[in-house]
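The values are calculated or read from the model by the stated rules, or taken from the named source; none is laboratory data. Please read these numbers as outputs of a predicted model, since none were measured by experiment. Cβ placement follows ideal geometry from the backbone for every residue including glycine, while neighbour counts extend to all protein chains displayed. SASA here: full protein model, heavy atoms, side chains in, ligands and nucleic acids out. Shrake-Rupley method; radii C 1.70, N 1.55, O 1.52, S 1.80 Å.
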Amino acid sequence: MRVVGTSASDLALAADILRSGGLVAIPTETVYGLAGNVWEPKTLARIFEAKNRPQFDPLIVHVANPDNADEVADLSLPHARQLAEALWPGPLTMVLPRKPRVPDLATSGLSTVGVRCPSHPVARRIIELAGVPLAAPSANPFGYLSPTRAEHVANQLGERVDLIVDGGPCTIGVESTVLDLSESPALVLRPGAVSMEQLALLLPSVQLFDRSTQSPRAPGQLPSHYAPRLPLHLRASGTLPSARPNAMAVALCFGAASYKNITASGKFSRVVDLSARADPVDAAAVLFSVLHELDTGSWSELWAERLPDCGIGRAVNDRLYKASVKD
Ligand code: AMP
Ligand code: MG
């Protein structure tokens, strides 16, 4: 597998490979995506194979400009165009009725398709140069931690990808918000950087998928996902000093005060603060790279405290919860 930067010739090479049916890992503002031409079922099959992803887990289709979303989805549902105008390009995936031309493999045979216009300039340029919408799930093996750096992709997928475009670390660091507009009221299937609070200002009503009362629509919502190999125990904010960790356990905390208390308890071999100034945006940005690093170390287990359940903090809590559940 070859790793390139983001020069004009690098991006032209990425587009060539995509046009000829290859797989290219591309940076986006959320996480790295494993991209392929959405119109080529053979390429889509390679994406599933490379990730070891079950074919019942639909792919998100990425477009270079909001106007191109019509090629794959029907945006005539109430509020779809207003949301696209307000939040695209950006970290929002809308689940909308699919256009008949979209291959079944991309949607797992569903009548809907997940579509997003990312804001990362490199991602947009590559899609534009390729001249086709790109199906791009996260560039990681199914169920494992999402990649937020090019080296995460190289370490996890290696030769299964034809090219990696290294655009540096992803700024947001957690996957897109998935909003199902085919449901009424609109349903957030996966929390992300576009928050419930933001969506509530733009929609008459919106609900967060509730795993305790609703059955999953797609595997991104399965309880165990985005998981490190190490066991992870998730606890309420401020309660880690009362935990009973094994030897060589690591605590993941949120904020300088918490860091001080946990360190003073003397129970953990290492304490990692996701944000000294207790900003959930910072915590999201570093979450997956911290987990990747810890997961390759010689630690026995991870203990994490929840963030306040608002804004992007909900997305961080969701990923920590899914990392804490073993099937
Ligand atoms: P990933 O591409 O790895 O970020 O995962 C994409 C996730 O988006 C899936 O696991 C689903 O949870 C969600 N998704 C994509 N398309 C649909 C769809 N048509 N209906 C429901 N959820 C979808
Ligand atoms: Mg994924």
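With respect to the conditions (1) charged (D, E, K, R); (2) in contact with a Phe, Trp or Tyr (Cβ under 8 Å, 6 or more places away or on another chain); (3) without any contact (Cβ under 8 Å) to a residue 24 or more places away in the chain, E151 falls short on a single one, namely (2).
Taking the conditions (1) within 21 Å of the chain's Cα centre (by Cα); (2) surrounded by 15 or more Cβ atoms within 10 Å (Cβ to Cβ); (3) not in a strand (DSSP E or B) in turn, L179 satisfies each one other than (3).
The residues on offer are L181, L129, and the sole one that is of a type in the set (A, V, I, L, M) and within 15 Å of ligand 1 (Cβ to nearest atom) is L181. Once region 139-153 is narrowed to residues that are in a helix (DSSP H, G or I) and farther than 16 Å from N52 by Cα, the residue that is farthest from the chain's Cα centre (by Cα) is E151.
One residue stands out among those in region 209-233 that are over 20 Å from S289 (Cα atoms) and away from ligand 1 (no atom under 14 Å from the Cβ): the one that is surrounded by the fewest Cβ atoms within 10 Å (Cβ to Cβ), which is S212. For region 104-116, a residue qualifies if it is more than 8 Å from ligand 1 (Cβ to nearest atom) and open to solvent by less than 20 Å² (accessible area, probe 1.4 Å), and the qualifying residues are A106, V115, R116.
State whether one or more residues within region 234-256 are of a type outside the set (A, V, I, L, M, F, W, C), touching a Gly at 6+ places or on another chain (Cβ under 7 Å), part of a loop (DSSP other than H, G, I, E, B) and open to solvent by 10 Å² or more (accessible area, probe 1.4 Å). No: zero hits. Can you pull out the residues in region 90-102 that are surrounded by fewer than 20 Cβ atoms within 10 Å (Cβ to Cβ) and either closer than 12 Å to D180 by Cα or away from ligand 1 (no atom under 13 Å from the Cβ) (or both)? Across region 90-102, the qualifying residues are P97, P100, R101.
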